[in-house]
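Enquirer: Got a structure for you, questions after.
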Amino acid sequence: MNFDVRAKYYNYYRKADDRLTKKMIELLDLEPDSTILDVGAGTGNYSTSMLNMGYNVIALEPEKKMIEHCSDSRVEWIDSFVDHIPLPNHSINGAIIVNAIHHFKDIKKAFQELKRVVGKGPIIIVTFDPNIACKQWVFDYWPELIKYEYAHYLDFDILKQCIIDATGGKLEEYIYELPYDFKDTFAASLWKRPHLLLEHDDLRYSMSIFSSMDNKSFNDGLNKLKHDILSHNWENKYYYLLDKTEWDVGCRLLKLMIY
């Protein structure tokens, strides 16, 4: 993945959606002024959203280019991978992991380290169940992305068991249906807005799912999508989405409590 390119567009297109932030705060169930670790924070958009809602935030991100594109000077950064967090034991009140767990090299080690720094606090994980996510229309136009999805996202039951084994904690699972106008424009958030890929030719660079694809493969799928949108064939194929304001695209929230 070329982070020089991705970071440039990530901060612009991957804005935090405050509705998701509020849901994470609800699940964290911590008092304002609590210190939250934002793991795999990218350019810090959810860190900023949490700061705006009265929480102290430390952002953990291993890619320097992402950190450099943070637009909020209030964010306190730690340049490190999650399997080695340079913080003392039990030094934070809780943690959030937003669309980052699929980048973890060693999930067991990562959660053992998170357990060390969080102690008995809550950890909220925003991720995807690949069995649900791969049913979305984007995979009809780029079927080769299914391979990427299953290579990066564990079977959901295996993922949950791995987290439990690493921490001895308790997991609660929540379906998070994405609003049609979700601000954080990762691929699944376009479930009712395929036209955005046509209108913004650099949008793809903010999405890790397209990082494994060469330009020809991407453009072949994009041309098929363009044809279907202009001919209204897309509306005919996905008519069941047209009257929806929220949709289950496989987005899942996990609340981990460590005792």
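Let's see how each residue does on (1) of a type in the set (Gly, Ala, Ser); (2) outside any helix (DSSP H, G or I); (3) within 26 Å of Ala166 (Cα to Cα):
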{"position": "Tyr12", "(1), (2), (3)": "no, no, no"}
{"position": "Thr43", "(1), (2), (3)": "no, yes, no"}
{"position": "Val82", "(1), (2), (3)": "no, yes, yes"}
{"position": "Ser91", "(1), (2), (3)": "yes, yes, yes"}
{"position": "Ala95", "(1), (2), (3)": "yes, yes, yes"}
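Enquirer: Just need a number here: residues in the range 140-156 that are in contact with a helix residue (DSSP H, G or I) (Cβ under 7 Å, 6 or more places away or on another chain), without any contact (Cβ under 8 Å) to a residue 40 or more places away in the chain and farther than 24 Å from Lys226 by Cβ.
Expert: Qualifying residue count, the range 140-156: 1.
Enquirer: Got a number for residues in the range 225-259 being closer than 30 Å to Ile124 by Cα and modelled with pLDDT of 95 or more?
Expert: So the answer is 15.
Enquirer: Hey, can you tell me all the residues within the range 181-218 that are surrounded by 13 or more Cβ atoms within 10 Å (Cβ to Cβ) and of a type in the set (S, T, N, Q)?
Expert: Thr185, Ser189, Ser206, Ser208, Ser211, Ser212, Ser217
Enquirer: Another one. Being part of a loop (DSSP other than H, G, I, E, B) and without any contact (Cβ under 8 Å) to a residue 60 or more places away in the chain is the filter here; which residues of the range 60-80 pass it?
Expert: Glu61, Pro62, Cys70, Asp72, Ser73, Arg74, Val75, Asp79, Ser80
Enquirer: How about the range 187-222: which of its residues are in contact (Cβ under 8 Å) with a residue 24 or more places away in the chain and out of contact with any helix residue (DSSP H, G or I) (no Cβ under 8 Å at 6 or more places or on another chain)?
Expert: Within the range 187-222, Ser189, Ser217 qualify.
Enquirer: Can you tell me how many residues within the range 228-258 are under 20 Å from Ala133 (Cβ atoms), in a helix (DSSP H, G or I) and open to solvent by 40 Å² or more (accessible area, probe 1.4 Å)?
Expert: Residues flagged as under 20 Å from Ala133 (Cβ atoms), in a helix (DSSP H, G or I) and open to solvent by 40 Å² or more (accessible area, probe 1.4 Å) within the range 228-258 amount to 2.
Enquirer: Report yes if Ala16 is within 24 Å of Ser211 (Cβ to Cβ), assigned to a loop (DSSP other than H, G, I, E, B), open to solvent by less than 50 Å² (accessible area, probe 1.4 Å) and modelled with pLDDT of 95 or more, otherwise no.
Expert: It is true that Ala16 is within 24 Å of Ser211 (Cβ to Cβ), assigned to a loop (DSSP other than H, G, I, E, B), open to solvent by less than 50 Å² (accessible area, probe 1.4 Å) and modelled with pLDDT of 95 or more.
Enquirer: So which residues in the range 45-56 are under 24 Å from Tyr180 (Cα atoms) and part of a loop (DSSP other than H, G, I, E, B), if there are any at all?
Expert: Met53 - this is the single residue of the range 45-56 that is under 24 Å from Tyr180 (Cα atoms) and part of a loop (DSSP other than H, G, I, E, B).
Enquirer: With respect to Asn56, determine if the residue is touching a strand residue (DSSP E or B) at 6+ places or on another chain (Cβ under 7 Å) and open to solvent by 30 Å² or more (accessible area, probe 1.4 Å). Outline the logic, then answer.
Expert: On the way: touching a strand residue (DSSP E or B) at 6+ places or on another chain (Cβ under 7 Å): yes; open to solvent by 30 Å² or more (accessible area, probe 1.4 Å): yes.
So Asn56 passes the test.
Enquirer: Go through (1) over 12 Å from Arg252 (Cβ atoms); (2) touching a residue at least 24 places away in the same chain (Cβ under 8 Å); (3) outside any helix (DSSP H, G or I) one by one and return the number of the condition Ile125 breaks.
Expert: (1)
Enquirer: Please state which one of Lys23, Lys64, Lys8 is under 18 Å from the mean Cα position of the chain (by Cα), at pLDDT below 95 and surrounded by fewer than 19 Cβ atoms within 10 Å (Cβ to Cβ).
Expert: Residue meeting the stated conditions: Lys8.
Enquirer: Continuing with this model, one more query. Would you mind stating whether Lys108 is part of a helix (DSSP H, G or I) and touching a residue at least 12 places away in the same chain (Cβ under 8 Å)?
Expert: Against the criterion (part of a helix (DSSP H, G or I) and touching a residue at least 12 places away in the same chain (Cβ under 8 Å)), Lys108 qualifies.
Enquirer: Shifting gears a bit: Looking at (1) at pLDDT below 95; (2) under 23 Å from Lys183 (Cβ atoms), find the lone condition where Leu28 falls short.
Expert: All conditions pass for Leu28, except number (1).
Enquirer: Which of the residues belonging to the range 118-155 are open to solvent by less than 30 Å² (accessible area, probe 1.4 Å), of a type in the set (A, V, I, L, M) and within 16 Å of Ala100 (Cβ to Cβ)?
Expert: Matches in the range 118-155: Val118, Ile123, Ile124, Ile125, Val126, Ala133.
Enquirer: Continuing with the same structure: Evaluate the following for Ser212: is it part of a loop (DSSP other than H, G, I, E, B), of a type in the set (S, T, N, Q) and within 19 Å of the chain's Cα centre (by Cα)?
Expert: Yes, satisfied.
The values are calculated or read from the model by the stated rules, or taken from the named source; none is laboratory data. Treat the numbers as computed from the prediction; the structure is a model and nothing was measured. Positions of Cβ are backbone-derived with ideal geometry, glycine not excepted, and every protein chain shown enters the neighbour counts. Each accessible area value is taken on the protein alone, full model and side chains, heavy atoms only, with ligands, DNA and RNA left out. Shrake-Rupley method; radii C 1.70, N 1.55, O 1.52, S 1.80 Å.
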